[in-house]
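Values quoted throughout were computed directly from the atomic coordinates according to the rules given, and no laboratory measurement underlies them. Here the structure is a predicted model, which means the values were calculated and not measured. Virtual Cβ from ideal backbone geometry, glycine too; neighbours counted across all protein chains shown.
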Amino acid sequence: MGTEKQLYTISIYTENNIGLLNRISAIFQRRHINIESINTSVSEIEGVSRFTILVSMTEDQIKKILGQIEKQVEVIKAYYHNEEDTIYQESCLFKIKSDLLFEERQIQNIIKESNARIVTVNKEFFVLEKSGRRSELEQLHRELSAFGIMQFVRSGRIAITKDKLKITEMLNAFKN
Amino acid sequence: METVTSKQKEYLEQPKERISGSEAIVRCLLAEGVEVLYGYPGGAIMPVYDELYKYEGKINHVLTRHEQCAAHAAQGYARISGKVGVAMATSGPGATNLITGIADAQIDSTPIVCITGQVPSHLLGSDAFQETDIVGISTPVTKWNHQITKASQIPEVIARAFYIARSGRPGPVLIDITKDAQFEEFDFQYKKCTGVRSYKPVPEIDENSITAAATLINSAKKPMIVWGQGVILGKAEEELKAVIEKTGIPSAWTILGASAIPTAHPLNVGMVGMHGNYAPNVLTNECDVLIAIGMRFDDRVTGKLDEYATQAKIVHFEIDPAEIDKNVKTDVAVLGDAKASLKKLVSLLNTNSHPDWLQKFKDLYTIEYDKVIKNDLHPTAKGLTMGEVLKEINSQTKGEAAIVTDVGQHQMIACRYADFNVSKSNITSGGLGTMGFALPAAIGAKMAAPEREVVAIIGDGGYQMTIQELGTIFQNKVPVKIVVLNNEFLGMVRQWQQLFFDKRYASTEMVNPNFVAIAQGYYIEAKKVTKRENLAAAVKEMIASDEPYFLEVCVEKENNVFPMVPSGASVSEIRLE
Ligand SMILES: Cc1ncc(C[n+]2csc(CCOP(=O)(O)OP(=O)(O)O)c2C)c(N)n1
């Protein structure tokens, strides 16, 4: 129980602090845990940041890691979730030669079917954006590879939980 | 709760006043009740030293001979008093020299605040002279750290630093302050910090967990308590004693828990761990309920984890949620402050006694006595043992002394044999095992508790790691008693070489200088003992002295510390020889 590795998403609400990324990543580094992806952004609460970290580990491990994360003074609260607990997305960008867009009809079909979006087109290249599950992104990457990709980049996972996270309540409790 | 002295009030919540950042730093320290700090000056912290000069008489800065020792002195100060120790250093090498002390304070939960100077903010990141990223470097070994680049941030950040260092599970905080912020003037006012919204130092006690703990304890046939430093940090000594005495539970301690309950208490069954006592180690694997209080199941305590107390139900009283289930899975976790938790617990416990179970501890003690203790304390061989030195110190200080130890064989012997009548009397580097800790820590301890006898017990190896602090002792007339147990070896490493590396004594033999002459070179009274018949008189003279005193005792070169749980073995496989 809790001893099989799986993908977990960690959501961390924090004070906006310069050194915190260093503190948090050190927790993983010390234990030789590879971070699959990490994203930091503002959250729904003003002045509060949100880290979204994707890791593959056992449930036993992640509980301990969460303890270490929450122990950091500037961390308000940390949660971990399964795939089923969250709605999640990644997004990616492709830079591709413009000629192909006009010469290869198949590319137009791929774009249409994958629900990818053309962000910009100029004489030399066009940029394609796609958000979704990792598998969809990978499929699109495979299909376009055949034609040649000039540049590719994929973002870290971002995730929203289905359940309520009671951060605002926690912060209000401090005021009282 | 914390008391605020009238002297502190002079600096607390006074009307705003325009002063420099560096003066503000000194006033912040005064407002926090700091009377003494340890440090070493240099370019990037000079404005603060200039203010310390102006505030002489109000605050005492002690110049150590190395920044590492400033941190250790601050630790010794904190460990004996329960107050926050303060260390100060310049940027670059001054700051990096603090790191060993900071790491030690982190792993042993010691509240210290370290203040470092930093290059002016416009030079940050330019590889300026004596610039190091000390915030980056200290991040993994601090409870919290922060860099200040504007004078106006000083009061709030320093207030927060003290609050974080001392609250909850204590720890070290480092504040790095750029030189321009030290020079800058601003409207100063100091308010103490009473909370940080993202930080919950003490978890609320769940009454259900207390009830569950009480139920388990009340139904136990062979319960055993293992307490740690959490009891001392949480000032829960009386509460623990009440629990022990009401239930009659045999109680053992981790190295950092030593002295919370007097050594002579009939239910005190000794130390657990690698060189702990035989009975509590063996019976850890026989008890039915193991009650851990303010301890963290360090690997030196548990030995092989998957053979540690597997038969027992585990109850864990702990302030730090991250410690629950970290190493040992608990059946009942009681989160919260030890004092409050034990107070609630005791009223739910049945008055009880466990004479047969306690007898088992006594029987195993007898075995340990015959095989180990007798030879340590009443040796028949010619050479002096470390144990008999401890016995002599015990009898002449009547167990009232604070014992500050370094790291190695002498440390284990001291912790095993020192008599402790008073809490906060065992000051040692437990988690990090920092050689060189004892001499500077003893300085801090003696200055924080001048009324107490402070005896540093150090090996000939570790002594030479921070021997230069004799200068600090001499200059500041700190009447610590220094005992070097000289076996002309890095004894503990030599012991391992003997037991596990076929006596290949690689780089553990020490050719030592004339220690007495060195102490005398610092104008410290010094004596050397090589014979048993001279020991008692020498210890007597040392204890009688009102001044710093150095005593070298030449002990048997190749004695070993037993019992011993070999690394990787289970606690019940503890060896007596
Ligand atoms: C700074 C540091 N370096 C190395 C060690 C490893 N070490 C642990 S005990 C020990 C030997 C200590 O020798 P000594 O100070 O003479 O004390 P003894 O064991 O002989 O009592 C050493 C080298 C350590 N704990 N700390």
* Asked: Residues B:Ile413, B:Ile427, B:Ile443: which one is of a type in the set (A, V, I, L, M, F, W, C) and under 21 Å from B:Val231 (Cα atoms)?
  -> B:Ile427
* Looking at this structure, is B:Ala445 crowded, with 23+ Cβ neighbours inside 10 Å, away from the ligand (no atom under 16 Å from the Cβ) and touching a residue at least 40 places away in the same chain (Cβ under 8 Å)? -> yes
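Report the residue count in region B:252-286 for those that are assigned to a loop (DSSP other than H, G, I, E, B) and under 13 Å from B:Val571 (Cα atoms).
8
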* Exactly one of (1) surrounded by 24 or more Cβ atoms within 10 Å (Cβ to Cβ); (2) in a helix (DSSP H, G or I) is unmet by B:Lys360. Its number? -> (1)
* Select from region B:384-416 the residues that are away from the ligand (no atom under 14 Å from the Cβ) and over 23 Å from the mean Cα position of the chain (by Cα) and list them in ascending order. => B:Glu388, B:Glu392, B:Ser395, B:Gln396
* **Scope region B:191-205; condition within 11 Å of chain A (Cβ to nearest Cβ), of a type in the set (D, E, K, R) and closer than 22 Å to B:Arg27 by Cα; matching residues** => none
* Can you name the number of the only condition in (1) away from the ligand (no atom under 16 Å from the Cβ); (2) surrounded by fewer than 24 Cβ atoms within 10 Å (Cβ to Cβ) that B:Met465 fails? -> (1)
* B:Pro479 fails exactly one of the following numbered conditions: (1) surrounded by fewer than 20 Cβ atoms within 10 Å (Cβ to Cβ); (2) within 15 Å of the ligand (Cβ to nearest atom); (3) within 23 Å of the chain's Cα centre (by Cα). What is the number of that condition? -> (2)
* **Single condition B:Ala506 does not satisfy, out of (1) surrounded by fewer than 18 Cβ atoms within 10 Å (Cβ to Cβ); (2) away from the ligand (no atom under 13 Å from the Cβ)** => (2)
* Search result, residues across region B:417-439 that are crowded, with 24+ Cβ neighbours inside 10 Å and within 13 Å of the ligand (Cβ to nearest atom) -> B:Thr428, B:Ser429, B:Gly430, B:Thr434, B:Gly436, B:Phe437, B:Ala438, B:Leu439
* Asked: Name the pairs whose Cβ atoms lie under 7 Å apart, with the first residue in region A:14-39 and closer than 18 Å to A:Lys77 by Cβ and more than 8 Å from every other protein chain (Cβ to nearest Cβ), the second assigned to a helix (DSSP H, G or I) and of a type in the set (Val, Ile, Thr), and 6 or more positions between them or separate chains?
  -> A:Ile24/A:Ile69; A:Ile27/A:Ile65; A:Ile27/A:Ile69
* Given B:Gly117, B:Gly101, which one is touching a His at 6+ places or on another chain (Cβ under 8 Å), away from chain A (no Cβ under 14 Å) and small (Gly, Ala, Ser)? -> B:Gly101
* **Residue selected from region B:234-264 under the condition in contact with a Ser or Thr (Cβ under 6 Å, 6 or more places away or on another chain) and in contact (Cβ under 8 Å) with a residue 40 or more places away in the chain, by the criterion farthest from B:Lys344 (Cα to Cα)** => B:Ser259
* Assess whether B:Tyr77 counts as being without any contact (Cβ under 8 Å) to a residue 24 or more places away in the chain and either under 15 Å from B:Ile177 (Cα atoms) or within 19 Å of the chain's Cα centre (by Cα) (or both). => no
* Structure fact -> Among A:Gln151, A:Gln139, A:Gln108, the single one that is more than 14 Å from chain B (Cβ to nearest Cβ) and loosely packed, with under 11 Cβ neighbours inside 10 Å is A:Gln151
* How do the strands (runs of 3 or more DSSP E) wholly within region B:144-188 filter down when requiring 3 or more residues that are in contact (Cβ under 8 Å) with a residue 12 or more places away in the chain, within 30 Å of B:Ile107 (Cα to Cα) and within 14 Å of chain A (Cβ to nearest Cβ): which remain? -> B:144-148, B:172-178
* **Within region B:121-138, considering residues that are surrounded by fewer than 20 Cβ atoms within 10 Å (Cβ to Cβ) and assigned to a helix (DSSP H, G or I), the one nearest to the other protein chains (Cβ to nearest Cβ)** => B:Gly136
